[in-house]
Amino acid sequence: MRYDYLVVGAGLFGATFAHEAREAGRSVLVVERRPHIAGNVYTEEVEGIQVHRYGAHIFHTNNAQVWAFVNRFATFNRYTNSPIAVYKGEVYNLPFNMNTFYQMWGTSTPEEARREIDRQVKEAGIVSPRNLEEHALASVGRDIYEKLVKGYTAKQWGKPCDELPAFLIKRLPVRFTYDNNYFNDRFQGIPIGGYTQIAQKLLEGVEVRLGVDYTQHRDELRGLAGKVIYTGMIDQYFGNRFGPLEYRSLKFETTVLDVENYQGNAVVNYTEADVPYTRIIEHKHFDPGSHTGDAARPKTVVTKEYPASWQSGVEAYYPMNNERNDALFLKYHELVRQEEGIVFGGRLGSYKYLNMDQTMEEALALAEKELAGA
Ligand code: FAD
């Protein structure tokens, strides 16, 4: 065996594990099928602006240990995510808060806003919601549902809300303060200079082979290491033996525009069903002041995000955690027990949506367990 560990995937999970293993004196080889490291948090510079190639990524966490850990690899700015929603030309603040209620109804006190929501919830008259639409109507009433939830959620999941399970939006946070901060976490920010440097620093001193798909070189790669840490799709690893798990995909359309400021905010959601994309990201606003472009040649970079159906061969972004898929995942997970020397992790290996902080937390926990002793 030439390596103690073979890590499949150079995303945040794989890179964090590889870093810890190397620090613990183990030898590690990382293989990554894409031509770059960092997985979905990959950012690259375009016109002096850090572009989030796989969708907007905002780091937020309540975990002080993870926050301290990630700050070893980048300096974070104090970006606060405050998305804007556009519905048929009307502009609203998100998440639903006193600003939104004022824009929607002209209410200016928490009591007035609460009364209007209660009135609409009562009018909907739903006691036991059977689907996402009923769940939303029973939580926030008709106006917020129709203007800010219905079209956006249907686009996201590719189905009308009355055909979607309620659990997809378990919580529709309603805030009775004038607070546009999307996240409740204690720590939040964007790494100045982008996310790729974090993966780069995590992988310092580790051998990384890019453009290598494990499933196509399984025989030669498996023999190289004592243990495999696999962050790719678990169903694909087992040759889709029980049938494929389902995912949701995305398409990104990125354009450089000759304007200084296109939309005045990093994230603008388009909540009506007729607009095919869910949001437009204007990347420079993730790090205000960092763009040192030529004043005579103003530039900005925007990305339209289109939800897309998933089939084999297309990038899988979101696991579809419904009853059918979760049961199927458990069947695959049973196979892992029968396999020697492999651990599955990360969002694809564990078939669950993980934020970046959770990904790092899980990778650090695995490293602690794996590398303890010996
Ligand atoms: P990945 O980043 O997917 O890395 C896995 C890597 O493995 C990939 O690079 C892949 O190419 C590689 N791989 C897979 N199979 C193979 C194979 N067979 N051989 C070789 N290589 C392979 N989190 C937040 O905290 N805040 C946000 O704002 C946020 N926004 C998001 C927006 C979008 C659109 C998406 C999709 C996710 C967002 N996330 C966000 C979640 C974040 O992207 C994940 O937490 C993180 O990327 C998970 O890291 P990972 O290593 O598990 O997976």
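The values are calculated or read from the model by the stated rules, or taken from the named source; none is laboratory data. Note that the coordinates shown come from a computational prediction; the quantities given were computed from them, not determined experimentally. All Cβ positions, glycine included, derive from the backbone under ideal geometry; neighbour counts span all protein chains shown. Protein only, heavy atoms only, side chains kept; ligands, DNA and RNA dropped before computing areas. Shrake-Rupley method; radii C 1.70, N 1.55, O 1.52, S 1.80 Å.
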How big is segment 248-329 along each principal axis, measuring the range of its Cα positions in Å and listing the largest first? 57, 26, 21
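From largest accessible area down, sort Asp219, Asp185, Asp118; use a 1.4 Å probe on the protein chains.
Values: Asp219 140, Asp185 40, Asp118 90 Å².
Largest accessible area first, the residues go Asp219, Asp118, Asp185.
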Given the C-alpha centroids of segment 100-153 and segment 248-320, what is the distance between them in whole angstrom? 28
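Per residue, how much accessible surface does the chain expose to a 1.4 Å probe? Answer in Å², no decimals. Write out the running numbers ahead of the final one.
Working: 17780 Å² over 374 residues.
Result: 48 Å² of accessible area for each residue.
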Give me the lysines in straight-line cross-link reach of Lys201: C-alpha distance below 29 Å, same-chain residues under 8 apart excluded. Lys227, Lys251, Lys284, Lys352, Lys369
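Taking a temperature of 20 °C and a viscosity of 1.002 mPa s, what whole-number D in µm²/s does Stokes-Einstein yield for segment 1-140 with Rh from Kirkwood over alpha carbon pairs?
Numbers: Rh = 19.9 Å.
Translational diffusion coefficient: 107 µm²/s.
Got a number for carbon plus sulfur as a percent of the chain's accessible area, 1.4 Å probe? Walk me through the numbers on the way to the answer.
Working: 8410 of 17780 Å².
Ligands and nucleic acids excluded, carbon and sulfur reach 47 percent.
Return a whole-number percent for the relative contact order of segment 103-262, with Cα pairs under 8 Å and 6 or more residues apart as the contact set.
Values: 85 pairs, mean separation 23.9, N = 160.
Relative contact order here is 15 percent.
Per the Cauchy relation, a quarter of the hull surface: what is the mean projected area of the convex hull of the alpha carbons in segment 135-233, in nm²?
Mean shadow area of the hull around the Cα atoms is 11.8 nm².
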Just flag the trypsin sites (Lys or Arg not before Pro) in segment 1-82 sitting in loop per DSSP whose Cβ has no more than 12 other Cβ atoms within 10 Å. Arg2, Arg72, Arg78
Computed ³J(HN,Hα) along segment 231-237: with the Karplus parameters 6.51/-1.76/1.60, θ = phi - 60°, integer Hz and x for glycine or proline, the list is 10, x, 6, 5, 5, 5, 4
Order of 239-251, 166-178 by packing, highest average Cβ count within 10 Å first? 239-251, 166-178
Cα centroid separation, segment 213-241 to segment 65-90 (Å): 34
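Indicate, rounded to the nearest 5 percent, the antiparallel portion of the DSSP beta bridges found entirely in the chain. Each step should come with its number before you reach the end.
Numbers: 31 of 50 bridges.
Around 60 percent antiparallel, to the nearest 5.
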If you plug each phi of segment 354-371 into the Karplus form 6.51 cos²θ - 1.76 cosθ + 1.60 with θ = phi - 60°, what whole-Hz ³J(HN,Hα) values come out, in order, with x for Gly and Pro? 10, 6, 4, 5, 5, 4, 5, 4, 5, 5, 5, 5, 5, 4, 4, 5, 5, 9
When all alpha-carbon pairs of segment 274-374 are counted, what percent fall beyond 24 Å? 51
In segment 300-374, the GluC sites (Glu not before Pro) that sit in a DSSP loop and have at most 10 other Cβ atoms within 10 Å of their own Cβ are Glu340
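Semi-axes of the equivalent ellipsoid of the chain: what are they in whole Å, largest first, if each equals the square root of 5 times a C-alpha gyration tensor eigenvalue?
On the way: eigenvalues 287, 136, 71 Å².
In descending order, the three semi-axes are 38, 26, 19 Å.
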Return the long-range amide H neighbours of Arg209 (sequence gap of 5 or more, or a different chain), with a cut-off of under 5 Å between placed amide H atoms. Val30, Val31, Glu32
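Over the chain, calculate the relative contact order: mean separation of alpha carbon pairs under 8 Å at least 6 apart, over the residue count, as a percent. Numbers along the way, then the final one.
Working: 721 pairs, mean separation 100.0, N = 374.
For the chain, the relative contact order is 27 percent.
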What is the percent of Cα-Cα separations in segment 155-303 that go past 26 Å? 56
